[in-house]
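These notes are about the structure you will find just below.
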């Protein structure tokens with residue numbers, strides 16, 4: 001009896017002690033934004049945060065994470081993070097092109113295909129080998145062919161892709177800790193969605209992930225799956241830090257017109273299912289509908305009525321969100337949000353965002369051509385943007401034609417240029433471009449194509465070659 | 001004399017006129033003329049990278065020597081406006097040097113003939129050289145270099161083969177005029193630029209052993225060669241800041257990793273090769289470029305200038321990145337052997353082949369690259385026929401030389417012990 005009481009006491013104290021030490025939370029959010037072009041933009045964000053003294057220590061001292069007692073944080077992913085010295089990881093799998101000119105800026109931007117960039121902890125091991133191993137492990141985790149990432153398409157840019165999590169200056173300024181690679185030819189399908197959903201605590205049984213049915217997701221105009229891991233502050237004062245895993249899914253679906261030509265939409269129509277069960281592990285589960293420009297429900301009405309209205313920003317960056325608390329709303333029946341429009345949609349002129357860019361290839365034949373980028377700044381202040389271009393080695397760039405001394409109309413400062421070595425290393429071109437207010441700047445990079453050996457052509461060689469998307473990093477004066 | 005000046009002016013005029021038209025850009029892009037080794041666009045790119053502090057030799061774009069980088073930088077920055085004039089002037093100088101080679105060689109031939117005329121057969125008098133025929137050969141050499149379409153196109157395309165040809169012509173001049181130290185230094189410069197002219201040392205040694213002080217001349221030659229080459233390498237290491245340039249220049253010439261189509265043989269084979277056998281075939285191809293030196297020098301030991309021209313021709317066919325500028329150089333030297341033309345039997349076939357392949361080549365390339373209706377086989381077949389034509393030309397020339405020698409010493413009847421015989425080239 002005494003021993004039994006002793007064991008019970010130890011067991012209870014363990015519970016109490018471990019209950020206080022573990023602190024992970026899971027929140028789910030869905031933003032639905034009707035776009036001016038008539039499309040509907042839906043953005044899911046599933047955020048898992050985790051704080052333990054070990055994690056805090058690893059974050060502060062830039063050491064490898066040591067996870068134990070997994071609860072909400074997915075174990076399959078955590079083991080990869082532990083093993084490969086990862087501090088920050090961003091993986092996205094996208095199908096479709098985000099049209100900045102028509103749709104504005106997304107919450108999480110991703111290029112078509114697969115993109116992976118990782119900040120590693122300072123370690124004595126060979127980071128290139130670690131990168132190769134990490135890429136192979138991730139390719140198994142998300143069932144994508146990320147193993148095609150090798151030295152020919154990996155780069156370490158100088159100014160782009162700085163850490164999005166906590167990082168001190170000595171770390172954030174050292175690009176040797178970071179690797180970036182993109183696979184533009186990668187396809188996204190249900191095969192990638194399923195393991196991604198399995199990383200969620202509630203899987204597909206309950207919560208907002210119930211809405212993720214493959215058919216409406218994969219018939220959308222734009223579909224992006226992403227995984228973001230970063231160390232961040234718990235609150236504004238940053239008195240404590242936590243590890244944050246964000247799984248985001250962005251979707252742009254075409255407008256579905258009702259019989260009267262109105263652009264009515266509903267959750268049932270968008271995702272072909274309704275919300276029934278709430279996720280018990282989620283501490284917050286909310287749906288936001290962007291009603292900016294819909295003051296007093298003049299353009300469309302929402303049914304059921306939103307719980308509260310949230311307003312932020314002012315002037316051009318004003319945002320109004322109608323907030324639904326899903327956990328309070330679900331009472332056993334299905335939960336569906338319906339938007340009814342008062343009049344037909346007008347396909348009018350869409351105001352362009354502050355900065356938008358168009359990139360295309362000119363030239364004909366297989367000898368060569370040129371990659372031309374057109375930056376348009378429609379704001380009233382001049383912008384400095386960082387332009388990153390990663391090219392395969394078989395496109396031989398000739399930069400002297402576009403960067404000669406006489407070409408000083410708008411100076412382009414090359415911040416990093418890594419010339420390609422045949423079959424070993426790709427091109428990295430990073431430049432800072434100054435765009436004056438209300439003007440368009442054109443930058444062109446001439447290239448000639450190299451003849452490949454018969455083994456080096458991709459499958460279906462006549463389909464052509466995919467070039468990774470360029471990245472533009474800028475600080476905009478207004479958030480919108 | 002006035003005719004000579006008019007010839008040079010016309011040559012310069014043709015080049016300058018073509019450079020000023022819009023087709024100059026198109027000509028500069030032709031793969032028959034610009035290879036990864038001699039394209040001026042790559043020199044400009046290398047100079048640009050160098051001026052921005054980006055390591056030039058760590059990438060795969062620039063494969064010229066560091067001295068070329070240095071002089072190219074100077075030309076691009078300060079002499080951009082006079083660049084076309086510089087290329088034309090180099091071509092004119094090359095033509096003049098080749099003419100002086102022809103003149104000196106003709107004098108030597110006449111001297112040798114005077115010494116050996118007693119050993120000739122009785123009915124060999126129509127075969128004897130006359131100074132008038134030889135002198136016209138000199139003018140023809142200069143005209144051939146000035147007006148051969150290959151050299152004109154090579155100059156208009158602004159390839160560095162123009163400078164390489166100039167140095168080669170100077171090498172020939174120093175060899176024929178008998179300056180061993182200068183010859184050694186110039187061969188070192190040629191080798192430094194494109195590596196294959198190292199085979200010219202052998203005809204040089206053969207030429208200087210026939211002179212008055214064979215031992216001293218040959219020692220001077222070899223010493224000058226090694227010292228110049230060493231100096232050039234050290235200067236290059238200084239300019240390039242290390243020895244990385246060796247892999248990007250000579251490593252590139254020998255390993256031929258860039259498979260851009262050209263008029264050579266390497267690119268097609270190595271595009272379709274199994275990786276396992278790549279090193280083996282590479283070694284085979286490179287040895288093939290040098291293997292003709294030994295047998296030819298044994299056979300032609302009495303005529304080193306012909307040997308040198310033949311070696312230039314074989315180099316132009318078998319090197320890893322040939323261009324039409326290389327072809328034009330040895331073709332300009334052919335009028336020196338005008339006296340061999342009666343003995344050449346395949347001139348019509350060779351001429352037709354040259355014309356046909358020179359016209360078909362660019363057509364097939366355009367069909368392949370721009371129209372997408374042909375493929376690499378078409379272009380390679382035409383290039384192969386072009387190289388075959390060159391081989392036929394050289395072997396025909398050598399055979400004619402052998403035949404003429406036979407007829408000089410044995411008369412015009414081809415009989416061995418009274419039985420009709422046939423001459424074969426072995």
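Quick note: the coordinates plus some simple rules give every number you see, no bench work behind them. Not measured: the values here are computed from a predicted model. Glycine gets a Cβ as well: all are built from the backbone with ideal geometry, and neighbour counts include every protein chain shown.
Points worth noting:
- Over chain A, DSSP H runs of length four or greater, each weighted -39,500 (n - 2.57), average out per residue to a 222 nm ellipticity of -5000 deg cm²/dmol.
- For the stretch B:2-420, averaging the sequence separation of C-alpha pairs within contact (under 8 Å, six or more residues apart) and dividing by the residue count gives a relative contact order of 21 percent.
- Mean separation of Cα contacts under 8 Å (6+ apart) over length of chain A, as relative contact order %: 16 percent
- Cα long-axis angle, helix B:180-194 against chain B (0 to 90 degrees, to the nearest 10): 40 degrees
- Each residue in B:41, B:29 was given a count of other beta-carbon atoms within 10 angstrom of its own, and listing them fewest first yields B:29, B:41.
- Comparing B:322, B:149, B:180 in a Gaussian network model of chain B where C-alpha atoms under 10 Å apart are linked, the largest mean-square fluctuation is found at B:149.
- Taking the number of Cβ atoms within 10 Å of each Cβ as an exposure proxy, the fewest-first ranking of B:191, B:347 is B:347, B:191.
- Stokes-Einstein diffusion for chain B, with the hydrodynamic radius set to the Kirkwood value over Cα pairs and evaluated at 37 °C in a medium of 0.692 mPa s, equals 144 µm²/s.
- When the alpha carbon gyration tensor of the stretch B:358-415 is reduced to an equivalent ellipsoid, the three semi-axes, largest first, read 42, 7, 6 Å.
- Shape call, the stretch B:39-88: gyration tensor on alpha carbons, a/c limit 1.5: prolate
- Kirkwood-based shape ratio for chain A, expressed as Rg/Rh from alpha carbons: 0.99
- Candidates B:163, B:183, B:281: whichever shows maximal mean-square fluctuation once chain B is modelled as a Gaussian network with Cα springs under 10 Å: B:281
- Prolate/oblate/rounded call for the stretch B:245-366, Cα gyration tensor, a/c under 1.5 rounded: oblate
- Taking N as its residue count, the alpha carbon Rg of the protein assembly as shown over 2.2 N^0.38 Å: 1.28
- Cα-based Rg and Dmax for the stretch A:177-257, where Dmax is the largest Cα-Cα distance (Å): 16.0, 50
- Its Cα gyration tensor gives the stretch A:252-350 an equivalent ellipsoid, and the semi-axes of that ellipsoid, as √(5λ) in whole Å with the largest first, are 25, 19, 11.
- The helix-only estimate of mean residue ellipticity at 222 nm for chain B, built from DSSP H runs of length n ≥ 4 each weighted as -39500 (n - 2.57), is -23000 deg cm²/dmol after division by the residue total.
- Cα shape, the stretch B:187-312, gyration tensor, a/c 1.5 rule: oblate
- Here the stretch B:299-426 has an Rg and Dmax of 18.1, 63 Å, counting Cα atoms alone.
- Ordered by the count of other Cβ atoms within 10 Å of each Cβ, fewest first, A:346, A:287 give A:346, A:287.
- Sequence-distant contacts, meaning Cα pairs under 8 Å at least 6 residues apart, place the relative contact order of the stretch A:82-196 at 35 percent.
- Of all DSSP beta bridges confined to chain A, the antiparallel ones make up roughly 95%.
- Both radii are taken from the alpha-carbon atoms of the stretch B:56-191; with Rh as the Kirkwood radius, Rg/Rh is 1.12.
- Helix axis angle, B:40-51 relative to chain B longest principal axis, alpha carbon, degrees: 40 degrees
- Candidates B:387, B:288, B:165: whichever shows maximal mean-square fluctuation once chain B is modelled as a Gaussian network with Cα springs under 10 Å: B:288
- Folded to 0 to 90 degrees: helix B:278-290 orientation relative to chain B principal axis, Cα: 40 degrees
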